[in-house]
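Enquirer: Please read through the structure below; I'll follow up with questions.
The values are calculated or read from the model by the stated rules, or taken from the named source; none is laboratory data. No experiment lies behind these values; they were computed from the predicted model shown. Positions of Cβ are backbone-derived with ideal geometry, glycine not excepted, and every protein chain shown enters the neighbour counts.
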Amino acid sequence: MWGLYARPGLSLRMKSNPDIVAPRRSNDTLGVYIHFPYCIHKCSYCDFYSVGMDRALNGEKNVTSKAIGEYMQALRLEFAARRQLFIQKQINTIFFGGGTASLLPAETIFAILEMLRAEFSFSPEIEITLEGNPENFTPGYIAAIQDAGVNRIHVGIQSLRPHTLKQLDRYYDEERYAAIVQTLSDSAIANRGVDLMYGVPGQAEDEFYQDLDTLLDTGISHVSLYSLTVEHGTPYDVMVRKGTAPAPNDELQANIFEYLPARMRERGFIHYEVSNFGTPGNLSRHNLRYWLYEPTLALGPGAHGFNGTHRYANVRNTPGWQTAPTAAALDLHEPALELPLCFLRILLPMDRRDLEALIEAEVPGKSPAVMKLLESWTSLGFSSFDSAFQWNLNGLIRLNDRVIELQELLESNS
Ligand code: SF4
């Protein structure tokens, strides 16, 4: 399968003025995503592929060495096969997600990094992120994963309030939640961030902002802020439809969404994607990889990979994946549908020539019409567009309609 993606790439460019960060697409370097499926408890609103250990592994709070061994065996098999799909020689981002990747012991993380290093070189600026939950991020664990090679952590806190965590049906360890603010302040890994959620039933607007301020005061460099959504098919979706659980507060969510960009700017954060904010120099390079339509070698149950021309989606079933870790078929990508969902989420200025080149390469013949459409959005007050295209707040609020508009244009025969 070598040679599937032979087009010369562009490199990421971070200009010296952080206000004009301009992301550039790179096909030369590779990202790796490792999906670890286990969580202590499966939250009822969660749509990610994850397995609650309270159901699957007899209520353990740590993954058993047997489960880790079976996971690693399948991961090695999948890597040996999938590796052939990617022509890149160097990895510049690795992301351990899940599930709860912080349930992975540091020595397993080290073993996975060694497995990757045996086949690829690591960029000197490589970003290696481990995402997980407060119950695992003790000072000792942070030091151990730093020794293993991790240089960025992201903690899924969601809220510092027990009543909101309960409403979310999250596992809640009182002691660890009480300690997490101090742990983040003292973290040996400087590049650290958190996830928070807003619009949860019963969560007062002030409580959300107070939690946000408390966490920003710890010196974190990245924040992902999500509104609670009802994901189709989740237990929360069923409960909302039956009327046994309250729906999220849409009006409050809309108010917070519009207010957050200015508030985060005041705190020195760049709003670089719909839900993501980072301090200058600390935007997640791995996140940008998805929105810039760059290749990612993804491993693990439920993981989705993309080599630049083909995609695969692993089965959302851990025993099934462990039995046949490379069973997922390769499908040709669909840039007309996928590109609008990716690059329109980027809120940084995007160079006009880079955009033109991206569209022309992926959907040949369409770039003149796309440039016209982007200009029309600027005339309607959604964006600015001279040497670079950039959304404004008005455009951001109406982003979904623009995505559909661009998909229709790219799919049309004209
Ligand atoms: S901890 Fe995260 S991944 Fe696990 S079930 Fe809850 S929301 Fe999903």
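Enquirer: How many of the residues in the stretch 39-64 are near the ligand (Cβ under 8 Å from one of its atoms) and among the β-branched types (V, I, T)?
Expert: 1
Enquirer: A further question follows. Let me spell it out: the conditions are (1) closer than 25 Å to I91 by Cα; (2) free of Cβ contacts under 8 Å to residues at least 40 places away in the same chain; (3) in contact with a strand residue (DSSP E or B) (Cβ under 7 Å, 6 or more places away or on another chain), and A118 meets all of them except one. Which number is the exception?
Expert: Among (1) closer than 25 Å to I91 by Cα; (2) free of Cβ contacts under 8 Å to residues at least 40 places away in the same chain; (3) in contact with a strand residue (DSSP E or B) (Cβ under 7 Å, 6 or more places away or on another chain), the lone unmet condition for A118 is (3).
Enquirer: May I pose another question? So, I270, is that one within 18 Å of H154 (Cβ to Cβ), touching an Asp or Glu at 6+ places or on another chain (Cβ under 9 Å) and of a type outside the set (S, T, Y) or not?
Expert: On the way: within 18 Å of H154 (Cβ to Cβ): yes; touching an Asp or Glu at 6+ places or on another chain (Cβ under 9 Å): yes; of a type outside the set (S, T, Y): yes.
For I270, the condition - within 18 Å of H154 (Cβ to Cβ), touching an Asp or Glu at 6+ places or on another chain (Cβ under 9 Å) and of a type outside the set (S, T, Y) - is met.
Enquirer: Further question: Is it true that N307 is closer than 21 Å to E273 by Cα and in contact with a Phe, Trp or Tyr (Cβ under 6 Å, 6 or more places away or on another chain)?
Expert: On the way: closer than 21 Å to E273 by Cα: no; in contact with a Phe, Trp or Tyr (Cβ under 6 Å, 6 or more places away or on another chain): yes.
In short, no.
Enquirer: Would you be able to say whether some residue in the stretch 178-191 is over 29 Å from E127 (Cα atoms) and modelled with pLDDT of 95 or more? Before you say what the answer is, go through the steps one by one.
Expert: Taking the stretch 178-191 first, the residues over 29 Å from E127 (Cα atoms) are none.
No.
Enquirer: Would you mind telling me which numbered condition in (1) assigned to a strand (DSSP E or B); (2) without any contact (Cβ under 8 Å) to a residue 40 or more places away in the chain; (3) surrounded by 20 or more Cβ atoms within 10 Å (Cβ to Cβ) R311 fails?
Expert: (3)
Enquirer: Scan the stretch 170-178 and tell me whether some residue there is free of Cβ contacts under 8 Å to residues at least 12 places away in the same chain, aliphatic (A, V, I, L, M) and either away from the ligand (no atom under 16 Å from the Cβ) or not assigned by TED's automatic domain parsing to the domain that holds N276 (or both). Walk me through it before giving the result.
Expert: Start the filter on the stretch 170-178 by keeping residues that are free of Cβ contacts under 8 Å to residues at least 12 places away in the same chain, which leaves 172, 175, 178.
Then keep just the ones that are aliphatic (A, V, I, L, M); that gives 178.
With the extra rule that they be either away from the ligand (no atom under 16 Å from the Cβ) or not assigned by TED's automatic domain parsing to the domain that holds N276 (or both), the set shrinks to 178.
Looking through the stretch 170-178, at least one residue is free of Cβ contacts under 8 Å to residues at least 12 places away in the same chain, aliphatic (A, V, I, L, M) and either away from the ligand (no atom under 16 Å from the Cβ) or not assigned by TED's automatic domain parsing to the domain that holds N276 (or both).
Enquirer: Restricting the stretch 217-257 to residues that are assigned to a strand (DSSP E or B) and free of Cβ contacts under 8 Å to residues at least 60 places away in the same chain, which is surrounded by the fewest Cβ atoms within 10 Å (Cβ to Cβ)? Don't jump to the end; show me each part of the working.
Expert: Filtering the stretch 217-257 for residues assigned to a strand (DSSP E or B) gives 222-227.
Restricting the remaining residues to those that are free of Cβ contacts under 8 Å to residues at least 60 places away in the same chain gives 223, 225-227.
Values: V223: 23, L225: 20, Y226: 15, S227: 17.
Looking at the filtered set, the residue picked out is Y226.
Enquirer: To continue, here is another question. Which condition breaks for F36 when tested against (1) near the ligand (Cβ under 9 Å from one of its atoms); (2) of a type in the set (F, W, Y); (3) under 16 Å from N136 (Cβ atoms)?
Expert: F36 satisfies all of (1) near the ligand (Cβ under 9 Å from one of its atoms); (2) of a type in the set (F, W, Y); (3) under 16 Å from N136 (Cβ atoms) except (1).
Enquirer: Residues that are surrounded by 15 or more Cβ atoms within 10 Å (Cβ to Cβ) and not β-branched (V, I, T): list the helices (runs of 4 or more DSSP H) wholly contained in the stretch 162-216 that include at least 3 such residues. Don't jump to the end; show me each part of the working.
Expert: Numbers: elements: 162-167, 174-185, 205-216.
Passing ranges, in order: 174-185, 205-216.
Enquirer: While we're on this one: Taking the residues in the stretch 87-104 that are more than 16 Å from the ligand (Cβ to nearest atom) and of a type in the set (A, V, I, L, M) as candidates, determine which candidate is modelled with the lowest pLDDT. Walk me through how you get there before you give the answer.
Expert: To start, the set of residues in the stretch 87-104 that are more than 16 Å from the ligand (Cβ to nearest atom) comprises 87-94.
Those still in the list that are of a type in the set (A, V, I, L, M) too: 87, 91, 94.
Values: I87: 95, I91: 98, I94: 98.
This residue is I87.
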